[in-house]
Every structure is written in C-alpha cells, then in structure tokens.
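In what follows, a single structure is set out as structure tokens and then discussed.
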Amino acid sequence: MSQPQGLHPSTAPRFGRLDADLGDVKAAVAKSAEYLLSRQHPDGYWCGELEADSMLEADYIFLHTLLESGEPARLRRALTEMMRYQNENGSWSLYPGGPGNISLTVKCYFSAKLMGIDRRDARMVKAREWALANGGVVACNTFTKMYLCALGQYDYDAVPAIPPEIVLFPKWFYFNIYEISSWSRSILVPLAIIYAKKPFKKVPAEQGIDELFVGGRENANLRLRWDSKKLVSWRNFFIGVDRVMHWAEAVHLRPVRKLALKKAEKWMLDRFEMTDGLGAIYPAMMNAIIALRCLGYSEDDPQVIRARDEFEKLGIEEPASDVMAEPTFRMQPCVSPVWDTAQAVFALGEAGVPADDPRMVQAADWLLSKEVRHKGDWAVKVPNTQPGGWYFEFNNEFYPDTDDTAQVLLALNKVNHPSERRQHDVCQRAIEWEFAMQCRNGGWGSFDKDNTKMIFQYIPFADHNAMLDPPTVDITGRMLEMLAAYGFTQDDKRVQKAIKFILSEQEPDGSWFGRWGVNYIYGTFLVLRGLEAVGFDHNEPQVQQGAEWIRMVQNADGGWGESCGTYDDPDTRGVGVSTPSQTAWAMLALLAAGDDRSDSIAKGVRWLLERQKQDGSWDERMGEGARVESIITGTGFPKVFYLAYTLYRQYFPLMALTTYHRAMERAA
C-alpha cells in the first residue's frame with residue numbers, strides 16, 4: 001500500500017527530545033485556529049467535502065441511463081472519476097486500501113459498459129475476472145440487484161420483495177416502517193414504489209453484463225438461498241415470507257396495492273418539504289427521482305425538477321490539473337454543514353477564540369437559524385415532546401439527530417450570542433428533546449428512540465447492514481459531555497442510566513466500539529471524554545483499561561490509526577496507518593483518562609506537530625498521482641459504506657493540542 005501523502009515522518013524533526021515545548025504547541029494551536037477560521041463560509045458556517053466510494057458515480061451513470069437524462073459531458077467526467085479508483089486486481093473497494101467489494105465492482109463494471117467501454121478493454125477484463133472469482137452478480141446485495149433489474153440485467157422475481165403495502169402497517173404493528181432506521185425508511189419507501197412499478201429499459205446487448213454470472217446467466221440460481229445449516233431460523237422464516245409475497249405478486253393478489261402506492265407517494269412528497277431532497281441523503285434522493293417517474297410524473301413536473309436539482313447539487317466538478325489530465329465529476333453522499341460548523345466552533349472555543357468574537361457569533365447565529373421547529377418521524381415514538389435539536393445538512397427538518405444536536409449544544413456553549421434569551425430557549429428545547437430521545441437501556445441512538453428490533457436485520461432486503469438505529473456508546477459519550485457542559489451531574493438518574501449503558505458495552509480489551517467513526521479509537525475517545533465530563537473517577541478500572549488499550553495500539557511513529565476493516569475483523573482493532581484525526585482522538589482519550597505525562601501522549605503531540613503544514617493544516621490522504629484519496633475515518637453503514645469528513649483532519653487535531661496545552665498549563 002502506498003504511503004499516505006503528507007503523513008511521512010519529517011526528515012528534519014523539530015524536536016530533539018520526546019516532550020514538545022509548550023511554546024511550539026501554543027504556536028501550532030494558533031496556526032490551526034487561523035487556518036480553520038479561514039475556511040469559514042461568508043454566511044458563517046463550515047462545510048468540508050464528504051468523500052466516499054465509486055458507487056456514487058456508478059449510480060449516477062445508472063440513474064441517467066435509466067431515465068435517458070443527464071449531461072453527456074458530465075457523465076463522461078463521472079466515468080473518469082470512477083475508473084481512476086479501480087484496483088490493480090480489477091475490483092473497486094469501499095475504502096482506500098480495502099479489499100474488493102462485489103456489489104461495487106459489478107456496479108462500476110456495468111456503468112463503464114453503459115458509457116461505452118468495451119468488454120475487451122484490459123481494465124474490464126481484470127474487473128470481470130475478479131467479479132467471477134468472487135461470486136459474480138448473484139453475490140451482490142439487494143439494492144444493486146434492484147437497479148440491475150431496471151436495466152434488464154436481473155429478474156424482479158428473484159430480488160427480495162419490497163412491497164409498498166408495508167407503509168399501510170399501523171404504528172402499533174410489530175413491523176412497521178417506524179421500527180426501522182430513518183435512513184432505511186427514506187431509502188425503502190421509494191424503492192417499494194419502484195419494486196411495485198418494475199421499471200424496465202432495454203439496453204443494447206453489448207452493454208449487458210451476462211458475462212458476470214458464474215456459469216452464465218441462463219444457468220444461475222438467482223433466488224435467495226435458504227440457510228441449510230439451520231433450517232429453523234429467522235432468515236429462513238423471512239425467505240419463506242418473501243416467496244409467498246412473490247407468489248402473490250405473480251397471481252396479482254394485491255388488493256390494497258393502489259392504496260399502498262398512494263400512501264407511499266404521499267409519505268414521500270410530504271418529506272420533500274423543508275429539506276434538501278428526501279432524507280437529504282444520496283440513495284434516498286436517487287430512489288425518489290426514479291419513484292416519481294414510475295408514478296407518472298413528467299420530466300418537467302415541479303416535483304421531479306426539484307428532486308433532480310437537489311440531487312445534482314451533491315456533485316462537484318474538478319477541472320483538469322497537473323495530476324489529472326482530464327476534468328472529473330464526483331458526487332457526495334450528502335453534505336455536513338451543521339456537523340462541521342458545530343465541531344469547528346467547539347474546537348475554536350476550546351482553543352481560546354473569544355466567545356464574543358464576531359466570527360463565532362455569526363456561526364452561532366447560523367446554527368440557531370437551523371433549529372428544528374416541526375415534528376418529524378422521531379415523533380411517532382416520542383409524541384408528547386416539542387420539536388428541537390438539529391440535523392446534519394443544510395435543511396432536513398424531518399430528521400434531526402441526537403449526535404448533531406449534542407455537538408451543536410456543545411458549540412453554542414462556547415459562544416455569547418447577543419440574543420441571550422433566544423440562545424437559552426433554543427438550548428433548553430434541545431436538551432429536553434435529547435432526554436426524550438434517551439432509550440430504555442440508557443443510551444442514545446441517532447434518529448429514533450428504541451429502534452432495536454434485531455430480528456429485522458434478517459429481512460432479505462436488509463443486507464445493507466443498517467436496518468436499525470440502536471443506542472451506541474459513541475453518541476452516548478458525546479451526550480454525557482454535552483449534559484455536563486449544561487450542569488448535569490451523576491446525581492441525575494438519566495445520567496446514571498447512560499453511564500451504566502456505556503460501562504456495560506466495554507469490550508474485554510478495554511476499548512469501546514465506534515458506530516459513527518472508525519472505529520474503536522473513535523468509540524473509546526468519546527466514551528472517556530463523556531465519563532470525564534460528568535466526573536467519573538479517572539482511577540476507575542474501566543477508564544484505565546480504556547486508556548491502556550489506547551496506549552497499546554499506538555503506532556511506532558507515535559501516531560494512531562485504524563482501518564475500516566476492523567468492522568469485518570474486530571481482531572485488527574486499533575491497527576492502521578497513523579492519521580491526524582485518529583491520532584487526535586487517541587490523545588483526547590488519554591487526556592480524558594488523566595494521562596498527560598506518559599511517553600505515549602508526548603509521542604502523539606510530537607506526531608501532530610511534526611506533520612502540521614505551514615498554513616496550519618494537516619493532510620490525511622494516501623496514494624500517488626491521480627490515485628491520491630482521503631483515508632477514511634468516518635462510518636456510514638459498517639461493512640457497507642464509509643466516508644471521509646475532510647475537516648476531521650483539522651478540527652480534531654486542534655482540539656487535541658489545545659486540550660494537551662491546557663493540561664500542561666494546569667500542571668505547571
């Protein structure tokens with residue numbers, strides 16, 4: 001694997017001893033803060049690019065092929081972007097340096113053929129050989145197969161049924177759409193419309209992918225396979241239900257289909273309002289466009305135009321450069337202005353930027369303007385609480401989340417807004433909303449309360465590995481830090497429940513799992529920060545075990561890193577090339593555990609100082625030439641989808657160095 005760009009040890013280290021001079025740390029903090037402030041948008045917010053895998057460009061090509069739309073030149077640029085991330089073995093990976101992924105590779109291969117690349121092209125030959133050696137099309141996930149069906153490359157009768165009748169199930173019914181995660185909901189409702197309407201566009205034979213079926217498409221068993229090792233299992237139960245639904249579909253036994261489609265359509269259109277597209281996330285937005293067209297909405301219908309405009313806004317045009325001979329076009333999975341702004345404001349406040357600094361006040365004003373004031377899907381389970389909190393994107397009123405809300409509250413606590421009463425009222429509403437969203441076991445999920453019916457992960461169309469939104473320790477740790485900032489202590493029973501949940505989730509080696517960041521370093525960092533904030537004793541064995549695990553996984557160069565592969569193989573936790581964001585998380589974990597004097601923390605400080613660039617920033621990329629890409633430290637769906645937050649490498653190191661500097665000053 002190529003060495004990360006910008007992460008190489010300095011050829012002329014500035015420090016001849018282990019401990020960094022506090023003056024150098026202070027200077028690094030000042031440079032970092034100035035760099036971060038320079039990235040602030042004139043409107044007051046921050047928004048770093050979100051990077052993900054080549055699925056985004058492959059699906060972009062698929063969408064416009066299906067709908068016979070799109071700008072040809074832009075589609076060619078998307079193809080260029082997609083092809084430059086093909087691996088040497090012919091596959092495409094979910095994250096840099098990771099193994100090939102069959103669903104992604106099939107999508108990219110098909111999209112390349114749709115764009116006119118011949119199957120005899122050397123790149124296609126390698127991709128085909130890899131795909132066939134790894135199960136071919138039949139091994140792909142449900143979402144991939146559904147898209148293939150629309151272009152005649154798979155059979156609708158063989159994909160898991162996603163009947164729109166699911167929207168008719170009452171809220172008291174054990175399975176209803178509000179018992180699955182919010183993102184699954186926003187993806188599956190339009191996908192159910194697509195399944196019911198079964199769109200089909202014939203593509204020329206030379207663009208088909210029959211050659212990706214092991215043994216040929218005519219000989220392939222396309223249906224879901226029973227679990228032969230365990231006949232009595234939830235998987236086999238749901239496969240049986242799936243077969244019944246397919247039979248009903250075949251004999252047209254669907255008496256409430258028309259009503260279901262109407263309700264699904266209304267559900268979707270209602271959630272177009274006050275948002276930047278359905279769910280404000282790429283797959284839901286793409287499915288919504290296809291669903292509208294399936295329902296008969298014309299190309300020039302205002303709803304279609306709006307949905308497509310919001311979708312296209314996720315795109316980024318990259319001109320040709322010394323590195324890239326051709327211009328490229330890439331898509332983002334969503335945008336993160338509220339999250340980035342909250343993190344940046346908090347880091348800057350920690351770094352000593354005055355609470356009344358005009359730039360901080362402007363950022364706080366922007367955040368206050370994004371407060372949720374309407375009830376969304378969350379209110380199904382929390383009906384008697386007034387709306388509050390924040391979402392992740394520019395506009396997504398139906399889907400505030402507990403993690404963004406906690407971070408915004410931490411940020412606002414660092415700012416003196418001129419409208420003190422307004423700030424107080426907004427924060428109080430948000431805290432009340434957060435408490436109402438606390439789950440029975442004491443933890444917090446992200447978008448919903450008690451979204452924990454684990455049997456739903458065996459439903460055949462749940463193979464995106466994110467059917468549910470259960471409580472997680474990383475969010476709960478951040479929640480404790482926020483609550484402490486607003487005066488809550490261990491005397492509060494809700495805080496006690498949260499601590500009990502966190503401690504019950506600790507791994508045998510002392511670490512904690514990270515659901516929304518990669519991975520155990522992230523989880524451990526947030527847990528230890530939260531415990532410290534509410535006054536949990538540093539000397540408790542759970543804290544010291546967590547800190548010891550962090551020290552144990554430190555890299556020889558003094559930094560820390562961890563790969564997305566740890567979600568597939570937890571035994572590799574804490575292993576990966578050192579990165580600024582993960583090094584910062586590890587340092588923050590140690591400092592939260594009371595470790596400000598060990599060689600481990602000193603080496604981490606030195607690692608960050610030596611790799612800070614002249615402009616105050618850090619780099620977090622790997623590869624060479626046209627294949628330079630960000631190292632992934634953010635998690636979407638474990639094992640399925642990851643993303644790089646390009647500002648993580650800036651505000652987390654700033655936080656780490658600031659926290660270290662403050663600890664050293666206190667000890668002096």
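The values are calculated or read from the model by the stated rules, or taken from the named source; none is laboratory data. Quantities reported herein were computed from a predicted structural model and do not represent experimental measurements. We place every Cβ from the backbone using ideal geometry, glycine too, and count neighbours over all the protein chains shown. Heavy atoms of the whole protein, side chains included, go into the accessibility calculation; ligands, DNA and RNA do not. Shrake-Rupley method; radii C 1.70, N 1.55, O 1.52, S 1.80 Å.
Taking every DSSP helix (H) stretch of at least 4 residues in the chain, weighting each as -39,500 (n - 2.57) and dividing the sum by the residue count yields a mean residue ellipticity at 222 nm of -14000 deg cm²/dmol.
Normalising the average separation of contacting C-alpha pairs (under 8 angstrom, six or more residues apart) by the number of residues puts the relative contact order of the stretch 352-499 at 22 percent. Computed from the Cα positions only, the extents of the stretch 296-343 along the three principal axes stand at 45, 35, 12 Å, in decreasing order. Only protein heavy atoms count here; under a 1.4 Å probe, TYR95 has an accessible surface of about 30 Å². Working from label points 7 Å from Cα in the Cα-to-Cβ sense, the ASP599 to ARG120 distance is 6.2 nm. In straight-distance terms, cross-link reach from LYS453 covers every one of the aspartates and glutamates whose alpha-carbon lies under 12 Å from its own, apart from those fewer than eight places away in the same chain; here that gives GLU179, ASP469.
Taking the longest Cα principal axis of the chain as reference, the axis of helix 55-66 is set at about 30 degrees. The distance between label points at GLU317 and VAL251 comes to 5.6 nm (points 7 Å beyond Cα on the Cα→Cβ vector). Kindly express, to the nearest 10 degrees and within the range 0 to 90, the angle between helix 402-412's C-alpha long axis and the longest C-alpha principal axis of the chain. Taking the Cα atoms of the chain, the angle to 402-412 is about 30 degrees. Available extension along the chain between VAL241 and SER38 is 67.5 nm, counting 0.36 nm per residue and deducting the alpha carbon span.
Quick check: from the Cα gyration tensor, does the stretch 533-613 come out rounded (a/c under 1.5), prolate or oblate? It is oblate, given that a/c is not under 1.5 and a/b is not larger than b/c.
Looking at the square roots a ≥ b ≥ c of the eigenvalues of the Cα gyration tensor of the stretch 517-668, which shape do they give, rounded for a/c under 1.5, prolate if a/b is larger than b/c, or oblate? Verdict is oblate for the stretch 517-668.
The residues of the chain expose, per residue, 38 Å² of accessible area to a 1.4 Å probe. Tell me the carbon and sulfur percent of the accessible area for the stretch 595-664, rounded to whole percent, probe radius 1.4 Å. Carbon and sulfur atoms account for 44 percent of the accessible area of the stretch 595-664. Given the alternatives (1) 41, 29, 24; (2) 62, 30, 22; (3) 35, 32, 25, semi-axes √(5λ) of the Cα gyration tensor in Å as computed for this entry is given by (1). Straight Cα distances below 18 angstrom link LYS107 to the lysines LYS126, LYS145, LYS201, LYS202, LYS639, with same-chain residues fewer than 8 positions distant left out. The stretch between PHE173 and ALA668, if pulled fully straight at 0.36 nm per residue, gains 172.1 nm over its current Cα-Cα span. Compute the Cα gyration tensor for the stretch 224-282, then decide on rounded, prolate or oblate, letting a ≥ b ≥ c be the square roots of its eigenvalues: rounded whenever a/c is under 1.5, prolate when a/b is larger than b/c in the other cases, and oblate in all that remain. Because a/c hits 1.5 or more and a/b fails to exceed b/c, the stretch 224-282 counts as oblate. With all protein chains in place and a 1.4 Å probe, the accessible surface of the stretch 25-87 carries 49 percent carbon and sulfur. Of the whole protein surface, ASP301 contributes about 40 Å² of accessible area at a 1.4 Å probe radius. Relative to the longest principal axis of the Cα atoms of the chain, helix 358-369 runs at roughly 40 degrees. When the accessible area of the stretch 153-226 is computed with all protein chains present and a 1.4 Å probe, what percentage of it is carbon and sulfur? Within the stretch 153-226, the accessible surface is 57 percent carbon and sulfur. Its relative contact order, with pairs defined as Cα atoms under 8 Å and 6+ residues apart, puts the chain at 19 percent. Label sites at TRP226 and LYS202, each approximated as a point 7 angstrom past Cα along Cα to Cβ, lie 3.7 nm apart.
For the stretch 600-654, the mean projected area of the C-alpha convex hull, equal to one quarter of the hull surface, is 5.3 nm².
As a calculated quantity, the FRET efficiency between GLN544 and LEU269 at R0 = 51 Å, using C-beta atoms, amounts to about 0.40.
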